[in-house]
Ligand code: SAH
């Protein structure tokens, strides 16, 4: 049980598997005004950077679940490195339909809302693990500018234009299902570059270290096309942000 290998290769050196820098992650943590001991559930926790740094900086207690064995292993190592292994735990597994036994203060899914059929489904899933008055965190893409054609949407690695909303519509959609948006931190083109461009260097290094690997052809093709494709499409068209929600 794991994610497609290309991600485990291309993002193996990423601490954050999203278009967020560590500064933006810290900004979000500060914006949430969390007290020591705040309990956080993080579905699709990646390499654990959010829980680990927030445990170090704010004394939160967290559980993360992720489908990537590699990222989960990296998350555990990161927790040890930051001295927070007693505050956070990381479970390798499928977060689809996951509801925690004990209610948490913050329930998050940052950049993996396909686990519950989209952002709104993920809000409903996370709400089942949340204490009354708790905060839901959703990390989600949106269109910075609406693509004129479906080809452009596919260039942005979306299946179609309808996969994402423009930001005003995304914000409104949280209201439509009964939630206040109480905070948000948005990616920008520079933080997108940290996410995307970092994967090119990682792929190049991987190719040099694994020339005979059966997967080398696929990685080579991706590295050849990714930079030009990214600056043509995703960098211009796709925004991304983390939205903090509280039930009305
Ligand atoms: N929230 C993390 C990771 C976001 S990238 C961060 O911000 O760094 C998306 C993550 O979803 C990857 O770590 C991937 O392994 C994970 N993932 C994909 N499908 C999943 C599933 N069904 N259950 C749990 N994790 C999943």
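Derivation of every value follows stated rules applied to the coordinates shown; laboratory data play no part. It should be emphasised that the depicted structure is a prediction, and the values quoted were computed from it without experimental measurement. Neighbour counts run over all protein chains shown; Cβ positions are idealised from the backbone, glycine included.
Counting beta carbons within 10 Å around each of 235, 220 and listing the fewest first gives the order 220, 235. From the largest down, segment 113-181 spans 43, 23, 15 angstrom on the principal axes of its Cα atoms.
Taking the number of Cβ atoms within 10 Å of each Cβ as an exposure proxy, the fewest-first ranking of 41, 223 is 223, 41. Note on the chain: GNM, Cα springs under 10 Å; of 13, 153, 172, the largest mean-square fluctuation is that of 172.
May I ask you to sort 96, 224 by Cβ crowding, counting other Cβ atoms within 10 Å and putting the fewest first? Don't skip to the end; give the middle numbers.
Values: 96 14, 224 11.
Fewest-to-most ranking of 96, 224: 224, 96.
Computed over all pairs of different Cα atoms, the Kirkwood value for the hydrodynamic radius of the chain is 18.6 Å.
Could you work out how far the C-alpha centroid of segment 210-248 sits from that of segment 9-76, in angstrom? Computed from Cα coordinates, the inter-centre distance equals 20 Å.
Once the cut-off is 25 Å, how many percent of the Cα-Cα pairs in segment 147-248 end up in the long-distance tail? Value for segment 147-248 (Cα pairs over 25 Å): 38 percent. Set against the 2.2 N^0.38 Å expectation for a compact globular protein, segment 67-158 has a Cα radius of gyration ratio of 1.34.
Taken over segment 80-124, the percentage of Cα pairs per 5 Å bin, counting from 0 up to the bin with the maximum distance, is 5, 15, 24, 24, 17, 10, 5, 0. Adding -39500 (n - 2.57) for every DSSP H run of four residues or longer, then dividing by how many residues the chain holds, sets the calculated 222 nm ellipticity at -13000 deg cm²/dmol.
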